1. Name the pairs whose Cβ atoms lie under 8 Å apart, with the first residue in segment 24-37 and in contact (Cβ under 8 Å) with a residue 60 or more places away in the chain, the second in a helix (DSSP H, G or I) and not hydroxyl-bearing (S, T, Y), and 6 or more positions between them or separate chains?
2. Within segment 48-72, count every residue that is among the polar types (S, T, N, Q) and surrounded by 10 or more Cβ atoms within 10 Å (Cβ to Cβ).
3. Kindly indicate whether R23 is of a type outside the set (V, I, T), at pLDDT below 95 and closer than 20 Å to D83 by Cα.
4. Out of segment 75-86, which residues are in a helix (DSSP H, G or I), exposed (fewer than 15 other Cβ atoms within 10 Å of the Cβ) and of a type outside the set (V, I, T)?
Amino acid sequence: MTARDVDLVNDANSTKERRVMTREDALALPPVVNISTAAEVLGLGRSAAYELVRNGQWPTPILRLGRLIKVPTAPLIALVGIDAQVHATAS
């Protein structure tokens, strides 16, 4: 992992490394992702993402399949301002 791929998040008690998803990474995602991957797209931790889902505050539609929580990718990448159509026609 290069310095470009790592975002250092500093808090008062520790230093944590969190991978930063690039535009290309986001566009390469499958149509539906798990909550951990969706959290990565938004720059959130896994626990924070599950808390937002639990409280009904997750910012995109979610699919509950039994105990599984899945997130459609299209609204997720639209939320972060990536236009998938422009990328698809440019390729």
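The values are calculated or read from the model by the stated rules, or taken from the named source; none is laboratory data. Quick caveat: nothing in here was measured; it's all calculated off a predicted structure. Here Cβ is always computed from backbone atoms with ideal geometry, including for glycine, and neighbour counts include all displayed protein chains.
1. Partner pairs satisfying both residue conditions: L27/I77; L27/A84; L27/H87.
2. 1
3. Here the answer is yes, as R23 does meet what is asked.
4. P75, A78, L79, A84, Q85
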